[in-house]
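Undergrad: Got a structure for you, written out below as structure tokens; questions coming shortly.
The values are calculated or read from the model by the stated rules, or taken from the named source; none is laboratory data. Nothing here was measured: the structure is a model prediction, and the numbers come from that model. Note that each Cβ is placed from the backbone with ideal geometry, even for glycine, and that neighbours are counted across all protein chains shown.
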């Protein structure tokens, strides 16, 4: 493994690593990324091992311009408008793929996420390589967002470290959010993830799968990392039966490094999971069976707040008056999940109590 300061990087050296199927860690305008040749199946498999990526979860690619993007994605009129308005920059645009990249880059639906980084060195590398590279964060799945090299290496196993061939050390990056993700496969665009660029008023995103819902939970939770261990964070979940409230909680658990299976505590009201971080505990509460506020004593919400836990409450609208009493002691994030037009579609909106 080579670790090279950004000012000392020789573009040709990085290109050779990519040509040989190597894995490159590189800085962007958002986070550190992990790049391999997106046309090389062996290289993508290597990236899967590094990321500990579950099967079926796709990668976005980084290209130099819309012309290069057109070689790998079907760019419709909605996408063209997005490219012209927001790229280069921290926006990932999803289109239908042309199915010529390595297996595992496109989604199982055949769609492809494309980025044009607003980072001159990376554009220069891709231009010289003359192929797209993967554009995924350089952390293993559900680990800390990487804003410096230590964020990456402190959360990797020795085996994962051996998979890295070249590191471009750009120092501490500004703590910006990940890229905004926009689906343009239909003429009517959908916002799948809000990032540093805000495309609509309010916090509303479309989830197209359970994994997507877990990722949305992760992204929301990470916005409040500075409060970990200092204030309780309550996720007050609202939505119909089977809409995905427990799946959302699973996303919180994975983000916190919890490996236990998370199930809805419908019958015992509350499940707690220990966390090895500034947050000591994730508490999962289901108030579906509660008939009166008096039964809340069995939950002891006051203690969860004083312990500065992260608390996920399903059917929170049943006890909304009680939850709102704690707006000074806790960060209260109201999350509403609704069924979308397609079977797996979920519309997720959220806001914080003031």
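Undergrad: Here are some conditions: (1) free of Cβ contacts under 8 Å to residues at least 60 places away in the same chain; (2) buried (at least 17 other Cβ atoms within 10 Å of the Cβ); (3) out of contact with any strand residue (DSSP E or B) (no Cβ under 7 Å at 6 or more places or on another chain). Residue 86 meets all but one. Which one does it not meet?
TA: Among (1) free of Cβ contacts under 8 Å to residues at least 60 places away in the same chain; (2) buried (at least 17 other Cβ atoms within 10 Å of the Cβ); (3) out of contact with any strand residue (DSSP E or B) (no Cβ under 7 Å at 6 or more places or on another chain), the lone unmet condition for residue 86 is (1).
Undergrad: Another question about this same structure. Filter segment 18-30 down to the residues that are within 27 Å of the chain's Cα centre (by Cα) and surrounded by fewer than 23 Cβ atoms within 10 Å (Cβ to Cβ), then identify the one that is nearest to residue 149 (Cα to Cα).
TA: From segment 18-30, those within 27 Å of the chain's Cα centre (by Cα) are 18, 21-30; that's our starting set.
With surrounded by fewer than 23 Cβ atoms within 10 Å (Cβ to Cβ) added as a condition, the list becomes 21-22, 29.
On the way: 21: 22, 22: 18, 29: 15 Å.
Among them, the one singled out is 29.
Undergrad: Now, a different point. Quick one: count up the residues across segment 141-157 that are more than 11 Å from the chain's Cα centre (by Cα) and more than 15 Å from residue 167 (Cβ to Cβ).
TA: So in segment 141-157, the residues more than 11 Å from the chain's Cα centre (by Cα) come out as 146-157.
Then keep just the ones that are more than 15 Å from residue 167 (Cβ to Cβ); that gives 157.
So the answer is 1.
Residue-wise test of (1) touching a helix residue (DSSP H, G or I) at 6+ places or on another chain (Cβ under 6 Å); (2) surrounded by fewer than 21 Cβ atoms within 10 Å (Cβ to Cβ); (3) under 18 Å from residue 180 (Cα atoms); (4) modelled with pLDDT of 95 or more.
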| position | (1), (2), (3), (4) |
| --- | --- |
| 36 | yes, no, no, yes |
| 39 | no, yes, no, yes |
| 55 | no, yes, no, no |
| 66 | yes, yes, yes, yes |
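Undergrad: Within segment 116-154, track down each residue that is loosely packed, with under 15 Cβ neighbours inside 10 Å and either free of Cβ contacts under 8 Å to residues at least 24 places away in the same chain or out of contact with any helix residue (DSSP H, G or I) (no Cβ under 7 Å at 6 or more places or on another chain) (or both). Before you say what the answer is, go through the steps one by one.
TA: In the first step, residues of segment 116-154 are kept if they are loosely packed, with under 15 Cβ neighbours inside 10 Å; the result is 120, 127-128, 130, 150, 154.
Within segment 116-154, 120, 127, 130, 150, 154 qualify.
Undergrad: I'd like the residue in segment 76-98 that is over 24 Å from the mean Cα position of the chain (by Cα) and assigned to a loop (DSSP other than H, G, I, E, B) and, out of all such residues, is farthest from residue 182 (Cα to Cα).
TA: 98
Undergrad: Limited to segment 171-211, what total is found for residues that are in a loop (DSSP other than H, G, I, E, B), within 17 Å of residue 109 (Cα to Cα) and at pLDDT 85 or above?
TA: Residues that pass the stated criteria total 4.
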